[in-house]
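Read through the structure below, which is laid out as structure tokens, and then see the notes.
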Amino acid sequence: MKHIYCPRGKVCAYVYAISLLLALPWYGSLVRAQDNLTVQGRVLSAVDNEALPGASVQVRGSNQGTITDRNGSFSFTVTGSSANLRVSFIGYRTIDTTLTLPLKKELLLVLSQDANVLEGVTVSTGYWETSRRLSTGNIAKVTASEINNQPVGNLLTALQGRVAGLVVTPASGLPGSHHTISIRGLNSIGSGNEPLFIVDGIPFIGNSLSQINGAAGQQSPFVNIAPGDIEAIEVLKDADATAIYGSRGANGVILITTKRASTGKPTFDLEISGGAGRTLNTMTLMNTQQYLQMRREAFRNDGLQPNAANAADLLTWNPEHYTDWKKLLIGNTAFIGDIRAAFSAGANGNYMRLSGGYRKETNVFPGQLGDQRMSLQLYSGHVSKDNKIRLDFSSQYALYQSNSVPQDLTGSIFAAPNMPVGSDGGGGALEGLLSLRRKYRTASHNLINNLVLTYKPVNGLSLKLNAGFNRMQMDETSVFPKESYEIPRESGNSNFGTSRVSGWILEPQASYVFSKADHKWEVMAGATFQETLNNRNTIAASGFSSEALLESPAAASETAITQNTSQYRYASLLGRINYTFRYRYVLNLTGRRDGSSRFGPENRFANFGAVGAAWLFGEEKWMNGLRFLSSGKLRASYGLTGNDRIGDYQYLDTYGSTQYPYQGVSGLLPTKLFNPVYGWETNKKLEWALEMGFLKDKLRVSVARYQNRSGNQLLTYPLPSQTGFAGITRNLPATVLNSGWEIEMQTHLSKGDFSWGASLNFSIVKNKLLAFPDLENSSYASRYQVGHSLQIRKVYHYTGVDPQTGIWQVDMDADRSAIVDLTPKYYGGLSQNLKWRRWEMDLFFRFSRGWVHNYLYSLPAAPGLRGYNMPVTLLNRWQKAGDQTDIQKFTTGSTDASRAYGTYFTNSDGAYTLMHMLRLGNLSVSYTFPAIGKPGKTKTFKTQLRCQNLFTITNYEGNDPEVTYLGFLPPMRMVTAGIQLKF
Amino acid sequence: MFRIKTNLLIPCALAVCSCADFVDIPGPVNELTQKQVLIDDRSATAVVSGIYSSMVAEGSTLGSVIQIAGGLYAGELDYTGNDDNYLQFSNRQLLAANSYVSRSWSDFYKFIYYANALLEGLTQPVNVTSATASQLEGEARLIRGFCYFYLTNLWGAVPLVTSTAYQSNMLLPKTPAEEINAAIIEDLKKAVALLPEQYVSAERCRPNKYTAMALLARVQLQLGDWQNAEANATAVIEHKLYQLEPIDRVFLKESQETIWQLMTVSPLYNTVLGYMFIPNGTATPRYPVAEPLLNSFEPGDAREKWTQVRTNTRGTFYFPFKYRVRFGGSPLNEYPVVLRLGEQYLIRAEARAMSGNITGAAADINAIRQRAGVSPLPDLDIASPLDTLAGERFRELFTEWGDRWLTIKRFNTRHKVLLPPMTELASRPSWVWPIPFSQLQNNPFLEQNEGY
């Protein structure tokens, strides 16, 4: 993969390219061969003077031309004494030039980077690389600069809105929180929907290792990868790109590649940044007067008299006292500090890069709580003198430590505003306040090692071995001292969790590239062996002899241990044939035969494959007349992938230990009914796309249409209990269709010192359950409906607040027949890059529209209950007969009104709203100082201001349209300032 | 250079051959497959231990639901809570969606599955000693018979499942009650033959031969087989292992009256029933003893100590107090009793009375009355021996395994006597519970019971 990130010097490179172009006629070389003249040359990138493989070199108005090989070299024959040559490469400015033949020397063409293209030039599927130009599949790429512009700790956060078809949803705004990620909708009803993650060639666990949750919920495993170490993230979407991943490719693939070493003089990079963050807007809550008014009215409505037992807030507590719980609990400022240093050097065929980083991020809770990450990455390699043997090794290690509390304190901001701190009887909100006395700590380690050995015995043949292993471990401790309970206990208790995941992979591969005249073939064959071991255990400890020993399970008199281990093995053969004709017609065939230990012996193997084709119609002769259309490509792919995201050992008739021994003998019981013959979920993906460039590629547009059908769904099929269990894992001919449109546009304009580039991605998605045999009689009947999305909620139809009784009403006769579809209707992102002299500004907006829970869905209780403060918007409640409003009357609980909230309203379509949102996700401004020092020993200095989530335009009434649940911390607004030094 | 190439190719070639072996992994280390379970005495014994452990676990049907729901349904207990699922029992108006009906059904079949799995496992050639194999087969049959006895007495005709093959079991329709009963008798007779006379482990937590006989007597009484019920009860009563204990000691774990008890496994409880019945602090008892039962105690009946009074602002309530410790921890002095000698006397009394041996019946009843400190009946009231028996059973066996329900049902079918509270519902007494709604949904061959 090419490193094309060029933070500076674009103008110089441009001038350099022009000067080379002017010199072209004198640089050429001529070899007379029969009647034809051979044109030979190399194409280089102005960014780093490195070869540009895959660039197109064409004689305009003829069929003659070629693309450059991996050394950037090309050679073809022409007739005549001059030729109009067009050299183009996606991501670079196209050069048109006229050659006077014969040439005297080898032609040297240097292309300057085209700043309007935000994506990289080559794209990788992990098994092969291709130029975007000739790619038959759908591979999106997010580059290092896009990630680096964002001051976030989790690389998945940085992907939000960046890629068409990719949805990233953080669970909350706390550091380390888990992110749900899906590519092109949900495919599976009962199994996993997460894509396959590959980090530097090694499969990376996408699921959390958490067993005991903290305030941030399950911890994202991606916190163990420093975003600053990432070179590129590629998102593989269609069959052509994912079928080579066979049984693991159904949900798409995300390739994460860390930074490589560059050859050349030693360079040292240092980046230091620091900043602060605050929680995004949260709803305004009632003050003491309003809260007490609500409570008194609730008693009046219910016809009850407040007494000391049921109304301490009204009768005992000071009615003048006011605590702004929101400010106290989640209103603090989080501080972020990030330092990263990298050293890179190379000589005599050896190269290395060593980088280290430290990041600390505190959270908005009171006290000294926060997360920190230490990371170290080494990349080194060697290329033999004859270029035949190449060895690349990378190793990265990160330690992520979190110091937090077991519960998100956001739920506790709803405590009564006049509640004395430390008081009892505060209602459920008190639980959260006590949470501050508790501790939740984690330490997560991640080690990834990868070795790639490449041997090229003859021209065109490449033998490669990819080998690697990774190991992750997460240790969790949560401590509940006795005084952290509402009614203090005799002794505190603690939970301990340890998860270990280790795995290795071995992938021998052979590929051969050859071309003859207009034909070019690429053939690849390989195999994969992979193993993953999982070991998780927890200890729940209680009965401690001393509160000081709560973090030592050995000091507990009672412990309960759980253990879970599993092994996963995977073996497969894979192959690819790629045929290119005249660099206009491309056919790509991929196939894979997979064996997975997750399936019983009879169904252990399955075949997957895809066919992809592309037609570069922009290169056709007849296109020369259409001057406004500078390039055009039509591509399509169809293929079969599988989903093996089910648990291990499901096909075995396992016996597990009972919770308690009986007479000293630990019991063993069957844990499930077993079905030894279930097989893969299959996903048939169809895609076609049109990619076009206009006005010399100043505007590029691509439109993709996809239809993914997931069948053979692996579900827990409900059984009558007379079989001993409630269900069995079984394949069902249920089918889910994900279809959609993805539109991407890039444009770039420049004048003088000023340039402007913009990139837009836009996705329309539709998810539909096409078939589900006997759904009505299954346990899925209440969740799904044929003809609708998998993300529907079947709810009551909300009919408003009854003007007479003041209670939320639903249409009970219709039962839960109303359907709310939570699939986003559309979403996307718009990024803009502005440059003026040494100033650069990046703006990134993301937008979406769709049904989400409104704030009423997650009120802490029915409005009016003791101890639960409410948003002030609820003051617009029903008060007397005849009132027309959408907020029901206040109640003290255990009434029709409180049941109407908990039982009916929250299960009605009244608890949802159609949200639209436009958010300035990221703003980055930088200034690069003029370089100092002698040529070859320059020092550059850059300052950068980075802002996350600056503002949001939305119709959403609650906390945040992306984290709608009132009890979860909304995303953060963060601003950091930093400096970058390079010398 | 060529060497490198072959070195790379060899694994490739091997890969093709060995893929299948490579992905053939051993089972998990924290779980066993069936083949690994029944390899020796210890691991085979772990299976029955597992069954007992899950039987007695919190929330299990056999831990509390049968005693409480069955007690509410048969008028032993009242209900002061607001769980609609329990209210349906105390009002005797069950719905097919009742969660306890559903859970009980599922739990019984779960234990039957475990027993079937163990029985199937024992038919394979295994390295288990014959003594252990007999013991385990006897226990599995006893557990299976026990579960079917309750299934058929609560639901009538139910599917008779005797294997673990879900493909066929999932479609089984109801089997007539007669066939179920025949299967229970067969299982229990085999258990009698297979089980040893002595308890195989400490305490009386795993059944012996007399356990099977005692349960057989209970089943035979229910079926009107007076002769065999009397014979089996007599064998138990006459055995020196079993003695009637003073009222205060009946439910202690060392009680000599116990024929079969389940060991308490959770450190949270002494017994789940003690926890459920005994209210916390001054709280209102959730399941107070019903008034007809309270009123039936004669003055001086020591069994009144099996209830206790609680007065608070809501009124005065008596709650069951057979198990006297609410929480777990030390000392663990009570175990839930499944079968005890007192019941065997009453079984024999009823069997004798129905066979015309009134004097013998009176002697058995008096043994129970004397232990309770009430005066012996001079002779059984010939005019209404059934009333006497029903009353004595009520006072002796309330909150024990839905005994009142079994009595009401037996009196109706065998003696043509309608006992309260079924008299209130004479027009439409529900002699069976509804088949759970979810079961009808998942098995199209199941039909709902009449009246639901």
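The values are calculated or read from the model by the stated rules, or taken from the named source; none is laboratory data. Bear in mind that the values here come from a model prediction, so they are computed numbers and not experimental data. Cβ coordinates were reconstructed from backbone atoms using ideal geometry, including for glycine residues, and neighbour counts include every protein chain displayed. With ligands, DNA and RNA removed, areas are computed over all heavy atoms of the protein, side chains included. Shrake-Rupley method; radii C 1.70, N 1.55, O 1.52, S 1.80 Å.
Working carefully through the options B:ALA383, B:ALA372, find the one that is among the aliphatic types (A, V, I, L, M) and modelled with pLDDT of 90 or more. So that I can check it myself, show each step before the final result.
Values: B:ALA383 fails: modelled with pLDDT of 90 or more.
None of the other options fit; the residue is B:ALA372.
Only a single criterion out of (1) under 27 Å from B:LEU32 (Cα atoms); (2) crowded, with 24+ Cβ neighbours inside 10 Å; (3) not aliphatic (A, V, I, L, M) is not satisfied by B:PHE146, namely (1). For A:ARG536, the conditions (1) facing chain B (nearest Cβ under 10 Å); (2) open to solvent by 60 Å² or more (accessible area, probe 1.4 Å); (3) basic (Lys, Arg) all hold with the exception of (2). Taking the conditions (1) within 9 Å of chain B (Cβ to nearest Cβ); (2) crowded, with 17+ Cβ neighbours inside 10 Å; (3) under 30 Å from A:THR723 (Cα atoms) in turn, A:PRO601 satisfies each one other than (2).
Please find, among A:LEU166, A:LEU156, A:LEU186, A:LEU196, the residue that is under 25 Å from A:SER566 (Cα atoms) and either at pLDDT 90 or above or of a type in the set (Ser, Thr, Tyr) (or both).
Values: A:LEU166 fails: under 25 Å from A:SER566 (Cα atoms); A:LEU156 fails: under 25 Å from A:SER566 (Cα atoms); A:LEU186 fails: under 25 Å from A:SER566 (Cα atoms).
Only one candidate qualifies: A:LEU196.
Residue pairs whose Cβ atoms lie under 9 Å apart, sitting 6 or more positions apart in sequence or on different chains, and linking a residue in region A:555-574 that is within 27 Å of A:PHE605 (Cβ to Cβ) to a partner that is in a strand (DSSP E or B) and open to solvent by 70 Å² or more (accessible area, probe 1.4 Å), are A:THR565/A:LEU533; A:SER566/A:LEU533; A:GLN567/A:LEU533; A:TYR568/A:LEU533; A:SER572/A:ARG593; A:LEU573/A:ARG593; A:LEU574/A:ARG593. Restricting attention to region A:629-647 and to residues that are buried (at least 21 other Cβ atoms within 10 Å of the Cβ) and assigned to a loop (DSSP other than H, G, I, E, B), the residue that is nearest to the other protein chains (Cβ to nearest Cβ) turns out to be A:ASP644. Against the conditions (1) in contact (Cβ under 8 Å) with a residue 60 or more places away in the chain; (2) hydroxyl-bearing (Ser, Thr, Tyr); (3) open to solvent by less than 10 Å² (accessible area, probe 1.4 Å), A:THR528 satisfies every one except (1). Can we say A:ALA610 is of a type in the set (Gly, Ala, Ser), touching a strand residue (DSSP E or B) at 6+ places or on another chain (Cβ under 8 Å), under 30 Å from A:PHE694 (Cα atoms) and open to solvent by less than 20 Å² (accessible area, probe 1.4 Å)? In short, no.
Where residues in region B:196-233 are among the polar types (S, T, N, Q) and either open to solvent by 30 Å² or more (accessible area, probe 1.4 Å) or outside any helix (DSSP H, G or I) (or both), which of them is nearest to the other protein chains (Cβ to nearest Cβ)? Lay out the reasoning, then the answer.
So the first thing to find is which residues in region B:196-233 are among the polar types (S, T, N, Q), and the list is B:198, B:201, B:208, B:211, B:220, B:222, B:227-228, B:232.
Next, from what is left, pick out any that are either open to solvent by 30 Å² or more (accessible area, probe 1.4 Å) or outside any helix (DSSP H, G or I) (or both): B:198, B:201, B:208, B:227-228.
Details: B:GLN198: 15, B:SER201: 5, B:ASN208: 14, B:GLN227: 33, B:ASN228: 29 Å.
By that ranking, first place goes to B:SER201.
For region A:482-517, the set of residues classified as surrounded by fewer than 15 Cβ atoms within 10 Å (Cβ to Cβ) and among the charged types (D, E, K, R) consists of A:GLU483, A:GLU486, A:ARG489, A:GLU490, A:LYS516, listed by residue number. Yes or no: region A:501-520 includes at least one residue that is within 28 Å of the chain's Cα centre (by Cα) and either away from chain B (no Cβ under 14 Å) or closer than 30 Å to A:SER557 by Cα (or both). Among the residues of region A:501-520, at least one is within 28 Å of the chain's Cα centre (by Cα) and either away from chain B (no Cβ under 14 Å) or closer than 30 Å to A:SER557 by Cα (or both), which makes the answer yes. Which residues, taken from region A:699-725, are surrounded by fewer than 21 Cβ atoms within 10 Å (Cβ to Cβ), more than 14 Å from chain B (Cβ to nearest Cβ) and within 20 Å of A:PHE599 (Cα to Cα)? Across region A:699-725, the qualifying residues are A:GLY711, A:ASN712. Using the structure shown, decide if A:GLN650 is open to solvent by 30 Å² or more (accessible area, probe 1.4 Å) and part of a loop (DSSP other than H, G, I, E, B). For A:GLN650, the condition - open to solvent by 30 Å² or more (accessible area, probe 1.4 Å) and part of a loop (DSSP other than H, G, I, E, B) - is met. Among the residues of region A:201-215, those that are crowded, with 24+ Cβ neighbours inside 10 Å and either free of Cβ contacts under 8 Å to residues at least 40 places away in the same chain or in contact with a Phe, Trp or Tyr (Cβ under 9 Å, 6 or more places away or on another chain) (or both) comprise A:GLY214, A:ALA215.
Residue count for region B:266-301 satisfying the condition of being in contact with a Pro (Cβ under 8 Å, 6 or more places away or on another chain), surrounded by fewer than 23 Cβ atoms within 10 Å (Cβ to Cβ) and either within 14 Å of another protein chain (Cβ to nearest Cβ) or outside any loop (DSSP other than H, G, I, E, B) (or both): 1.
For region A:544-560, taking the residues that are touching a helix residue (DSSP H, G or I) at 6+ places or on another chain (Cβ under 9 Å) and part of a strand (DSSP E or B), the one that is most open to solvent (accessible area, probe 1.4 Å) is identified as A:THR559.
For A:LEU589, state whether it is open to solvent by 30 Å² or more (accessible area, probe 1.4 Å), away from chain B (no Cβ under 14 Å), more than 18 Å from A:GLY693 (Cα to Cα) and in a strand (DSSP E or B).
Values: open to solvent by 30 Å² or more (accessible area, probe 1.4 Å): yes; away from chain B (no Cβ under 14 Å): yes; more than 18 Å from A:GLY693 (Cα to Cα): yes; in a strand (DSSP E or B): yes.
Considered against the rule, which asks whether it is open to solvent by 30 Å² or more (accessible area, probe 1.4 Å), away from chain B (no Cβ under 14 Å), more than 18 Å from A:GLY693 (Cα to Cα) and in a strand (DSSP E or B), A:LEU589 comes out as yes.
The residues of region B:145-162 that are within 11 Å of the chain's Cα centre (by Cα) and within 12 Å of chain A (Cβ to nearest Cβ), listed by number, are B:CYS147, B:TYR148, B:LEU151. Applying the criterion of being in contact with a Cys (Cβ under 8 Å, 6 or more places away or on another chain) and assigned to a loop (DSSP other than H, G, I, E, B) to the residues of region B:238-265, the residue that is nearest to the other protein chains (Cβ to nearest Cβ) is B:MET263.
The one condition from (1) crowded, with 16+ Cβ neighbours inside 10 Å; (2) part of a strand (DSSP E or B) that A:PRO930 does not meet is (1).
Got a sec? Which of A:SER755, A:SER750 is away from chain B (no Cβ under 14 Å) and at pLDDT below 90? Going through A:SER755, A:SER750 in turn, the sole match is A:SER750.
Residue-by-condition table, conditions (1) part of a loop (DSSP other than H, G, I, E, B); (2) among the acidic types (Asp, Glu); (3) closer than 30 Å to A:TYR717 by Cα:
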{"site": "A:TYR784", "(1), (2), (3)": "yes, no, yes"}
{"site": "A:THR799", "(1), (2), (3)": "no, no, no"}
{"site": "A:GLN804", "(1), (2), (3)": "yes, no, no"}
{"site": "A:GLN809", "(1), (2), (3)": "no, no, no"}
{"site": "A:ASP815", "(1), (2), (3)": "yes, yes, yes"}
{"site": "A:PRO824", "(1), (2), (3)": "yes, no, yes"}
{"site": "A:GLY828", "(1), (2), (3)": "no, no, no"}
{"site": "A:SER831", "(1), (2), (3)": "no, no, no"}
{"site": "A:ASP842", "(1), (2), (3)": "no, yes, no"}
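Within region A:869-888, is even one residue in contact with a Phe, Trp or Tyr (Cβ under 7 Å, 6 or more places away or on another chain) and more than 25 Å from A:ASN310 (Cα to Cα)? Looking for residues that are in contact with a Phe, Trp or Tyr (Cβ under 7 Å, 6 or more places away or on another chain) and more than 25 Å from A:ASN310 (Cα to Cα), one finds at least one in region A:869-888, hence yes. The number of residues in region A:653-673 that are more than 7 Å from chain B (Cβ to nearest Cβ) and surrounded by 21 or more Cβ atoms within 10 Å (Cβ to Cβ) comes to 0.
Looking for whichever is over 18 Å from the mean Cα position of the chain (by Cα) and closer than 16 Å to B:ILE51 by Cβ here; the options are B:THR132, B:THR211, B:THR123, B:THR234. Which one fits? First the steps, then the outcome.
Values: B:THR211 fails: over 18 Å from the mean Cα position of the chain (by Cα); B:THR123 fails: closer than 16 Å to B:ILE51 by Cβ; B:THR234 fails: closer than 16 Å to B:ILE51 by Cβ.
Going through B:THR132, B:THR211, B:THR123, B:THR234 in turn, just one is over 18 Å from the mean Cα position of the chain (by Cα) and closer than 16 Å to B:ILE51 by Cβ: B:THR132.
Annotation note: Cβ proximity below 9 Å between a residue of region A:96-108 that is open to solvent by less than 20 Å² (accessible area, probe 1.4 Å) and a residue that is among the aromatic types (Phe, Trp, Tyr) (sequence gap 6+ or interchain) occurs for A:LEU103/A:TRP26; A:LEU103/A:TYR27; A:LEU107/A:TYR27; A:LEU107/A:PHE74.
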